[in-house]
Structure formats: C-alpha cells, structure tokens
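This report concerns only the one structure given below.
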Ligand code: AR6
C-alpha cells in the first residue's frame, strides 16, 4: 500500500475515487468543491440533491463522508466529506481526522483501490496546511495499518502547488 503526494488538479486525477472538500449542504460551493461540480457536470448536483431528499435530509455532518458517482470525471466515485471550519471555531483535530478515516471507510465499502484527497479544510475553512497534512498522513497511515485487507491500497494527496507538496512531503517523511 502506498501513501503519496502529487501536484495536480483533483478533477483530472485518474483514481477510482476522489474526495470532495464539501460543505454540510452538499449542494456545491467554491474551491475544490466548485471545480469538482463544474467538471463532473450537472448530474453530480442532481445526485447530491437526491442524497438531501433521502438519506441526508439534514445535510452531511462535519467529519462524515458519503459517495456519489463521479459522472463526467475520470474517477468513478466522488466521496464528499465536510471538514471543520476554523473560522467558525471548529478547531478539533479529531473532526478533521474523521474526514480522512470516514472517506476511507466509504472507499472500502465501494471496493475502491485508489483514492485521491485534497487538503481538506486548508482553503476556505482556514486550517493551516501543516496541520492538515500532519493529520491527513497520520490518519490515513493509521487506517491502512488497521485495515490491511481493505481495498484502498493507493492513497494520494493531490495539491495545487509546490509549497503544498513540500508540506505533505514533510508530513509523509516525519509521520
Ligand atoms: N485540485 C486540488 N486541490 C484544489 C483544487 C483542485 N482543483 N481546488 C482547490 N484546491 P477548499 P475547504 C485546494 O477551500 O477549506 C467550498 O466552498 C485548495 O488550494 O476547496 O475544506 C466548499 O463548498 C486547498 O488547499 O476546501 C465549502 O464551503 C484545498 O483544496 C468550503 O469551500 C481545500 O480548499 C470548504 O473549505
């Protein structure tokens, strides 16, 4: 099993699943969420609306995850998660760790082999990327160790630039 970081646009990544840094409403937004909805096409929003009308009437909790098909994206699945919003005082690292662990739980249920994460909560939600990288690496490494037989074997962090790549590289080396 591998844990790696690469520079790129998550919407172009050829992994079985990509993770969306969504919000609790699940109806799109800015940042990587907006990019994913734009690239996946309008059927993604329809699928999210269906979730809101059925299993997720109150939206998705911070730290939880849920999957939809990925429609026009190269990936097969989008796993939506909601990071804690530091600007709203949501500063509990366990909530952020839960985003990564729950996304991997959902990926395992779908028999997903490769999964690509953005730096959840490191944009509009205001978390320092060093904290996000450390928590992401620790959590994914721990999850993989606890689930040696589970399907996700290739876990990637996809970031937009070299600075973010270096931060994740350091976390991968240190953790
Ligand atoms: N590929 C990879 N990474 C990206 C991309 C992309 N195409 N676009 C942005 N990033 P953010 P959050 C990086 O703000 O902090 C939305 O409005 C970005 O540089 O997307 O969890 C939602 O609807 C940053 O490092 O997510 C929510 O309301 C990281 O992705 C809210 O923002 C996360 O930034 C969620 O905020």
Restricting attention to the stretch 102-139, which residues are part of a helix (DSSP H, G or I), within 16 Å of the ligand (Cβ to nearest atom) and over 11 Å from the mean Cα position of the chain (by Cα)?
-> 129, 130, 131, 132, 133, 134, 135, 137, 139
The one condition residue 34 fails out of (1) within 15 Å of the ligand (Cβ to nearest atom); (2) in contact (Cβ under 8 Å) with a residue 12 or more places away in the chain is (2)
Could you pull out the residue among 35, 47, 40 that is closer than 21 Å to residue 110 by Cβ and touching a helix residue (DSSP H, G or I) at 6+ places or on another chain (Cβ under 8 Å)?
-> 40
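Read the figures in this text as sums done on the coordinates, not as results from a lab. Not measured: the values here are computed from a predicted model. When we count neighbours, we look across all protein chains shown, and the Cβ atoms used for this are built from the backbone with ideal geometry, even at glycine.
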